[in-house]
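*Asks:* Okay, handing you the structure first.
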Amino acid sequence: MEIELSDEQKLLRETVRRFAEEVVQPRAKEIDETGEFPRAFFDQAGELGLTGVAMPEEYGGAGMDTLAYCLVIEEVSRVCATSGVILSVNNSLVCDPILKFGSEEQKREFLTPLASGKKLGCFALTEPGAGSDAAGLRSTARRDGDDYVLNGNKVFITNGTDADVALVFASVDLAQKHKGITAFLVPTDTPGYSHGMHEFKLGVNASGTTELAFEDMRVPARQRLGGDGEGFKIAMSTLDGGRIGIAAQALGIAQGAFEEALAYAQQREQFGKHLSDFQAIQFYLADMATEIDAARLLTWKAAWAKDGQKRFTLEAAHAKLFASEMAQRVTNKALQIHGGYGYTKEYNVERYFRDARITEIYEGTSEIQKMVIADWVINRA
Amino acid sequence: MVTTLTAPPAASAGGVDFSLSEDQELLVEQVRRFAEERILPGVEERDREHRFPSEVVAELGELGLLGMLVEEEYGGAGVDPLTYVLAIEEIARICPSTAVTVSVTNSVCCWPIAHYGDERLKRAVLPRLAAGGEIGGFGLTEPGSGSDAGSLRTSARRDGDSWVLNGEKAWITNAGFASWYVVVARTDPQAGKRGLSAFVVPADAAGFAVGKPEEKLGLRASRTAPLHFTDCRIPAGNLLGAEGQGFKIALATLDHSRLGIAAQAVGIHRRALELAVAYARDRSQFGVPIAQHQAIQFKIAQMSTELAAARALTHFAALASAAPASAAQGDRAGRLAAEAKVYASEAANRACAESLQIHGGNGFHQDYQISRLYRDVRVTTIYEGTSEMQRLVIARHLLR
């Protein structure tokens, strides 16, 4: 066992940190307020290789591994969680399944532009009536000659307002429940495809979350990812990987909030002393640091397991559950340490606090993670 | 502006690898088998009778588990700290009392002697602890000095070729069974923490006596008793390090020993989870095994997640304690050991409480192992530095 970053990984982290602080951070507050999707950030991230970190170079990626990907998401989320999730979705939820399940032709046509950041991807699984129970989705795909004709609605689609390519899940046979679900790669300029307006949210406000609608949308059969009825398996396997990205995002949010709280506690004086001289505040900081370290280890372990081609469902669920709930606690304490100032827009902690909340919900709620973990521990151990 | 990332050659050969070595896997398997076959039988009786597991101590010595961190030239196993915590976890999973007996001998007796003893002392003492089936103790705490160890009052006075100790130590694990005690005493009454020195006291020293064993909530098969020093005379060469270094030696020793307690907590936590899962699968209510009720499933998921976190922190701290820290990292190992200890001990307490809850009324009965573990685990947030002291240690590092 060895848990130290290699020189290359340290260099990557420093490079991304510089990019995050110089390019991403200056706009973080503004895009949070306006909700404007930071497309220029995505383009620059693409030039750096951050849009397909773990994708092979021959398909436009940076050719690194999942651990490197976690470092990227943590560093970007440390200054801007919105930017973190935009990258996470493109990397984990769109590029990853194309690499794993796509044909050579699909990789050339779709993966290369997505991994290199020329195009932006979104992942369209959730529907108004199908959240945690993804198998209950109602979008349909009817075979018609060499095409499929898709109809239905999706909600809460990150990157949805600006995506160039959507990975869409629809059923070829609703009666077959999850065994009818099939995945399609759909350019967003396909006739019959439409998306809604930016939706204002509690946090990660500029991530282009919106709804999608498909009206007699004709998709050539060659754009089907995997076979008929393989979509549910593809979605679940993809979300296993996505959870590692969200764990890394939660970690970055917590790390950013912690650093601000640590600095504030050493500068702010009350009762003639710095806040950091009070034992209560010291104990908050100690717990925050401990839980951040634990979350980072769980996240890295899940990434390591994924890279080793091991089964990593349990590790990913552990990491996602722990890191997201940790981020909630840490950002809450960071805000508390800032007192009234923390409740204002003058400081960043209120944004971190709002941004952390979603990590317990998307890509599998905490409750879904617990169901996954309990199943493994009770039935498969 | 930053440069474009390119795939570094052999990035995947980097330094993040969570797998155990073959030697470590082998040792874990060996200790697990020993614990299940040799320690588990009688574990409940020993607890009920407050009986020290003397019969397994000799075997622990033969297996090399009492001087794991001691170099081979002094009779030890010479393993790395990670291997050590893996072994403690396996023993604690079966018997936390035996685990602390082993942990104390390794971490707070062998370790300071190996690090601060002179060659003669090391040759005289370490082989007997590491390979001779003898165990050790550590005398720091006093009736009036717990977390505030720097205020201790036991005195040591130089008299010719001897040191003469007077005073009392409290809560000493292995007291009466140990052959050697590392004892911290005051050599300069005016100098506060800097007036403390550390000594090795043999159990047969004149003027040394062990008091009445304590009756404890848990860990009843480990022995805890006070030590009394009445003009207790030991050779001058039994001083560890230099005069005045006692406080520093005690803190370094505790940094190290926290790994053992974190590992003990991880082992207990693991057992609490195993017992909960087995019980929940077996026990039916409302017509189905209670493992099918979501409330029970979610408790088990939480225990599993916190176990993974506690274990990762403990293993990471063990790795860090073996690696020289860079200047930028400072004493990172000390902070990480404190993080592992506070998190693992508190998580293990939560896990035992939840496991007992899953057991319902049966969990409250002494026939079920969880009732013992629930008592045993309680001390892990207290001894070798309370949770509160760990948080102070961590905060001190953060605010450095």
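The values are calculated or read from the model by the stated rules, or taken from the named source; none is laboratory data. Since the model is a prediction, treat every value here as computed from it, not as a measurement. Glycine gets a Cβ as well: all are built from the backbone with ideal geometry, and neighbour counts include every protein chain shown. Keep in mind that these areas ignore ligands, DNA and RNA; they rest on the heavy atoms of the full protein, side chains included. Shrake-Rupley method; radii C 1.70, N 1.55, O 1.52, S 1.80 Å.
*Asks:* Among the aliphatic types (A, V, I, L, M) and touching a Gly at 6+ places or on another chain (Cβ under 6 Å), is that true of residue A:349?
*Replies:* The answer is yes for residue A:349.
*Asks:* Take the residues of region A:357-374 that are open to solvent by 50 Å² or more (accessible area, probe 1.4 Å) and either touching a Cys at 6+ places or on another chain (Cβ under 7 Å) or free of Cβ contacts under 8 Å to residues at least 12 places away in the same chain (or both): which is nearest to the other protein chains (Cβ to nearest Cβ)?
*Replies:* Among those that are open to solvent by 50 Å² or more (accessible area, probe 1.4 Å) and either touching a Cys at 6+ places or on another chain (Cβ under 7 Å) or free of Cβ contacts under 8 Å to residues at least 12 places away in the same chain (or both), it is A:371.
*Asks:* Kindly indicate whether residue A:346 is outside any helix (DSSP H, G or I) and either under 21 Å from the mean Cα position of the chain (by Cα) or surrounded by fewer than 24 Cβ atoms within 10 Å (Cβ to Cβ) (or both).
*Replies:* yes
*Asks:* Further question: Residue check, residue A:309 against (1) modelled with pLDDT of 95 or more; (2) surrounded by fewer than 24 Cβ atoms within 10 Å (Cβ to Cβ), all met but one. Which one?
*Replies:* Exception for residue A:309: condition (1).
*Asks:* Assigned to a helix (DSSP H, G or I) and open to solvent by 10 Å² or more (accessible area, probe 1.4 Å) - does that describe any residue in region B:98-108?
*Replies:* Checking region B:98-108: not a single residue is assigned to a helix (DSSP H, G or I) and open to solvent by 10 Å² or more (accessible area, probe 1.4 Å).
*Asks:* Answer with yes or no whether residue B:144 is within 25 Å of the chain's Cα centre (by Cα) and of a type outside the set (Phe, Trp, Tyr).
*Replies:* Judged against the criteria, residue B:144 is a match.
*Asks:* Are there any pairs, at least 6 apart or on different chains, whose C-beta atoms fall under 6 Å, with the first in region B:126-146 and of a type in the set (S, T, N, Q) and the second in a strand (DSSP E or B), and if so, which?
*Replies:* Correct list of pairs: B:141/B:170; B:141/B:171.
*Asks:* Same structure, new question: If you take the residues of region A:109-146 that are of a type in the set (Ser, Thr, Tyr), farther than 17 Å from residue A:228 by Cβ and assigned to a loop (DSSP other than H, G, I, E, B), which of them is least open to solvent (accessible area, probe 1.4 Å)?
*Replies:* A:116
*Asks:* Take residue B:234 and decide whether it is touching a residue at least 24 places away in the same chain (Cβ under 8 Å) and assigned to a helix (DSSP H, G or I).
*Replies:* It is false that residue B:234 is touching a residue at least 24 places away in the same chain (Cβ under 8 Å) and assigned to a helix (DSSP H, G or I).
*Asks:* Oh, and also: Being of a type in the set (D, E, K, R) and either more than 16 Å from residue A:16 (Cβ to Cβ) or in contact with a strand residue (DSSP E or B) (Cβ under 8 Å, 6 or more places away or on another chain) (or both), is that true of even one residue in region A:55-67?
*Replies:* Within region A:55-67, one or more residues are of a type in the set (D, E, K, R) and either more than 16 Å from residue A:16 (Cβ to Cβ) or in contact with a strand residue (DSSP E or B) (Cβ under 8 Å, 6 or more places away or on another chain) (or both).
*Asks:* Regarding region A:198-210, can at least one residue be identified that is of a type in the set (A, V, I, L, M, F, W, C) and in contact with a strand residue (DSSP E or B) (Cβ under 9 Å, 6 or more places away or on another chain)?
*Replies:* Scanning region A:198-210 turns up no residue that is of a type in the set (A, V, I, L, M, F, W, C) and in contact with a strand residue (DSSP E or B) (Cβ under 9 Å, 6 or more places away or on another chain).
*Asks:* Any idea which of (1) over 27 Å from residue B:48 (Cα atoms); (2) open to solvent by 10 Å² or more (accessible area, probe 1.4 Å) is the one residue B:217 doesn't satisfy?
*Replies:* (1)
*Asks:* Go through A:66, A:51, A:15 for me and flag whichever is among the polar types (S, T, N, Q) and in contact with a Lys or Arg (Cβ under 7 Å, 6 or more places away or on another chain).
*Replies:* A:66
*Asks:* Related question: Using beta carbons and a limit of 9 Å, which pairs, at least six apart or on different chains, have the first residue in region B:377-400 and over 19 Å from residue B:108 (Cβ atoms) and away from chain A (no Cβ under 11 Å) and the second one among the aliphatic types (A, V, I, L, M) and open to solvent by 30 Å² or more (accessible area, probe 1.4 Å)?
*Replies:* As it stands, the answer is B:377/B:353; B:378/B:217, since those pairs meet every condition given.
*Asks:* Return the residues of region A:275-296 that are touching a Lys or Arg at 6+ places or on another chain (Cβ under 7 Å), more than 8 Å from chain B (Cβ to nearest Cβ) and more than 17 Å from residue A:327 (Cβ to Cβ); say none if nothing qualifies.
*Replies:* A:275
*Asks:* Six or more apart or on different chains, Cβ atoms under 7 Å: show the pairs whose first residue is in region A:278-294 and in contact (Cβ under 8 Å) with a residue 12 or more places away in the chain and whose second is hydroxyl-bearing (Ser, Thr, Tyr) and part of a helix (DSSP H, G or I).
*Replies:* Going by the 7 Å Cβ cut-off, the qualifying pairs are A:294/B:343.
*Asks:* Then there is this: Cβ-Cβ below 9 Å, separation at least six or inter-chain, first residue in region A:314-325 and within 10 Å of chain B (Cβ to nearest Cβ), second part of a helix (DSSP H, G or I) and aromatic (Phe, Trp, Tyr): which pairs?
*Replies:* Listed by first residue and then by second, the contacts come to A:314/A:376; A:315/A:304; A:317/A:376; A:319/A:300.
*Asks:* Of everything in region A:218-274 that's of a type in the set (Gly, Ala, Ser) and over 29 Å from residue A:74 (Cβ atoms), which residue is least open to solvent (accessible area, probe 1.4 Å)?
*Replies:* Ranking the qualifying residues of region A:218-274, first place goes to A:231.
*Asks:* So which of A:67, A:48, A:87 ends up being in contact with a Phe, Trp or Tyr (Cβ under 9 Å, 6 or more places away or on another chain) and surrounded by fewer than 24 Cβ atoms within 10 Å (Cβ to Cβ)?
*Replies:* It is A:48.
*Asks:* Residue A:44: over 30 Å from residue B:25 (Cα atoms), touching a residue at least 12 places away in the same chain (Cβ under 8 Å) and not basic (Lys, Arg), yes or no?
*Replies:* yes
*Asks:* Right, something else. Every residue in region A:222-250 that is of a type in the set (A, V, I, L, M) and within 17 Å of residue A:139 (Cα to Cα), please.
*Replies:* The answer is A:225, A:234, A:235.
*Asks:* What's the number of the condition residue B:319 fails, among (1) in contact (Cβ under 8 Å) with a residue 40 or more places away in the chain; (2) more than 9 Å from chain A (Cβ to nearest Cβ); (3) surrounded by fewer than 23 Cβ atoms within 10 Å (Cβ to Cβ); (4) among the aliphatic types (A, V, I, L, M)?
*Replies:* (2)
*Asks:* From (1) within 19 Å of residue A:119 (Cα to Cα); (2) part of a strand (DSSP E or B); (3) of a type in the set (A, V, I, L, M, F, W, C), pick out the condition that doesn't hold for residue A:163.
*Replies:* Answer for residue A:163: the failing condition is (2).
*Asks:* To continue, here is another question. Which helices (runs of 4 or more DSSP H) sit wholly inside region A:1-72 and have at least 2 residues that are at the interface with chain B (Cβ under 9 Å from one of its Cβ atoms) and within 22 Å of residue A:116 (Cα to Cα)?
*Replies:* Ranges flagged: A:7-19, A:39-48.
*Asks:* Right, here's the next one. Output the number of residues of region B:31-66 satisfying the condition of being within 21 Å of residue B:263 (Cα to Cα) and either within 13 Å of another protein chain (Cβ to nearest Cβ) or open to solvent by 80 Å² or more (accessible area, probe 1.4 Å) (or both).
*Replies:* Number of matching residues: 3.
*Asks:* Pairs under 8 Å by beta carbon, first residue within 12 Å of chain A (Cβ to nearest Cβ) in region B:334-354, partner among the aromatic types (Phe, Trp, Tyr) and open to solvent by 10 Å² or more (accessible area, probe 1.4 Å), six or more apart or different chains?
*Replies:* Hits for this filter: B:336/B:316; B:340/B:316.
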